[in-house]
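Every number in this text was worked out from the coordinates using simple rules, so none of it is lab data. All values reported here derive from a predicted model rather than from experimental measurement. So basically every Cβ, Gly included, is an ideal-geometry build from the backbone, and we count neighbours across all protein chains shown.
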Amino acid sequence: MTVKKPATKKKKPGAPSKYSEELARKICELIAQGKSEAKISKMAGMPSEMTIRRWKDEHPDFCALSARARATSAAMYRAQALQAAIDLNEKSEQALDGGLILDGEKFYDLPKMYVETKKILIQELNREAALRDDANFGDRKKVTVDGGLNVKQEEAFDLSGMSTEDLEKLDELLKNAQTA
């Protein structure tokens, strides 16, 4: 008579998972502060990017928490972009109102390099926001197809890279198009 041995659970190869609720919260806090998963994975005591992705697959709560953290960081980047645009506008108004002092020098018009640098900063902050939360801050086209052959296309445009002069021209074109 043969006696069957009880089935033993096979051990997974590799080291045991270091996942914990506390570590998951810490990772999400760093994401909410604007840190990327690549930067987080290079910090002492943090898992690799691949491990973070695997944990998102294995732990739905962690996945949801990290998604909320990305949305928070996207809003932070968008707020920074908006503040940079507001600062640039205030500086241009100061220059027009009688002079702006930058690095001890008085300007009645903003230096082109200053404006270009601010535009790049605003574009990059908006790009970071879109990378983290495309649904709210991206400018992708949205195409909807219903049951028939009707296709509806919506397009959002990012105008943050346009100059004030170009925006004024666009505004004038839109006004003329509405009255025509």
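5 Å is the cut-off here: which amide hydrogens, built 1.01 Å from N in the peptide plane, fall below it relative to Leu102, excluding neighbours closer than 5 in sequence?
Correct list: Phe107.
Between beta-carbons, use under 14 Å as the cut-off and find the net charge around Leu173, counting Lys and Arg +1, Asp and Glu -1.
Values: positive: Lys169, Lys175; negative: Glu165, Asp166, Glu168, Asp171, Glu172.
Here the charged neighbours net out to -3.
Need the full-extension length gain, Ile86 to Glu124, defined as separation in residues times 0.36 nm minus the C-alpha distance. One decimal, nm. Don't skip to the answer; put the middle values down first.
Values: separation 38, 0.36 × 38 = 13.68 nm, distance 1.57 nm.
Length gained between Ile86 and Glu124: 12.1 nm.
Could you tell me the calculated FRET efficiency between Val115 and Lys42, based on Cβ-Cβ distance and R0 = 35 angstrom, to the nearest 0.05?
Numbers: r = 35 Å, r/R0 = 0.99.
The formula returns an efficiency of 0.50 here.
Compute the label zone of Thr51 within region 22-42: residues whose backbone N is under 13 Å from the point 7 Å along Cα-to-Cβ.
23-24, 27, 40-42
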